[in-house]
Every structure is written in C-alpha cells, then in structure tokens.
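This report concerns only the one structure given below.
Each value in this text was obtained by applying a stated rule to the coordinates, not by laboratory testing. Since this is a predicted model, take the numbers as computed values, not measurements. We place every Cβ from the backbone using ideal geometry, glycine too, and count neighbours over all the protein chains shown.
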Amino acid sequence: MKAKVGDTIVVEGTRVGDHRRIGVITAVPHEDGSPPYTVRWEDDQHEGILYPGPDTHLKTDR
C-alpha cells in the first residue's frame, strides 16, 4: 500500500457487529508512501499510528 497525506483510509469490519472506520492520513514517514501512517479517525477525531491490514483500502484523489 502506498499513500500520501490527505488520502482517505478505510478499515472494513471483519466480524459481525464491527463497523467500518474511515480516517484521513495526516503523516506518512516514508518517502515511498509505505506504512505506518498517522491517521485521524472521522468517528472520534482520535489520531493514531496505523499499520494497515488486509481489511484496509485507500480512497485517493490521484
């Protein structure tokens, strides 16, 4: 996965009852766009580090 600041990242729920989390990438420490990413989550405005898993995809404006 390659991302840039401003991309939207979506983590799908993997179990019944899990909800989809949507966030905006606020920092990408590697020049090549590889993880980890700093993400601000839309649901609670919490900012944290994300190592994306197989249930994660990007919505980009590229």
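Quote the charge dipole size of the chain about the Cα centre in Debye, to the nearest 20; the model charges only the Cβ of Lys and Arg (+1) and of Asp and Glu (-1).
In total the dipole reaches around 120 debye.
Can you compute the equivalent ellipsoid semi-axes for the range 8-52, i.e. the square root of 5 times each eigenvalue of the Cα gyration tensor, sorted largest first and rounded to whole Å?
21, 12, 7
Starting from the Cα-Cα distance between Val10 and Asp55, subtract it from 0.36 nm times their residue separation and give me the gain in nm to one decimal.
The span from Val10 to Asp55 would gain 15.4 nm if fully extended.
Can you give the local net charge around Thr56? Use residues other than it whose beta-carbon is closer than 12 angstrom to its beta-carbon, Lys and Arg +1, Asp and Glu -1.
Values: positive: Arg20, Arg21, Lys59; negative: Asp7, Glu12, Asp55.
Around Thr56, the surrounding residues sum to 0.
Any idea what the relative contact order of the chain is, in percent, if you count C-alpha pairs under 8 Å spaced at least 6 apart? Walk me through the numbers on the way to the answer.
Details: 124 pairs, mean separation 21.7, N = 62.
The normalised contact order for the chain reaches 35 percent.
Please give the contour-minus-distance gain from Ala27 to Gln45: 0.36 nm per residue of separation, less the Cα-Cα distance, rounded to one decimal in nm.
5.0 nm
Quick one: Karplus J couplings for the range 17-22, per residue in order, coefficients 6.51, -1.76, 1.60, θ = phi - 60°, nearest Hz, x for Gly and Pro?
These are the phi-based 3J(HN,Hα) values: x, 6, 10, 6, 10, 10 Hz.
Would you mind counting up the charge near Val39? Only other residues with Cβ under 11 Å from its Cβ, with Lys and Arg at +1 and Asp and Glu at -1.
Working: positive: Arg21, Arg40; negative: Asp7, Glu42, Glu47.
Summing Lys/Arg as +1 and Asp/Glu as -1 gives -1.
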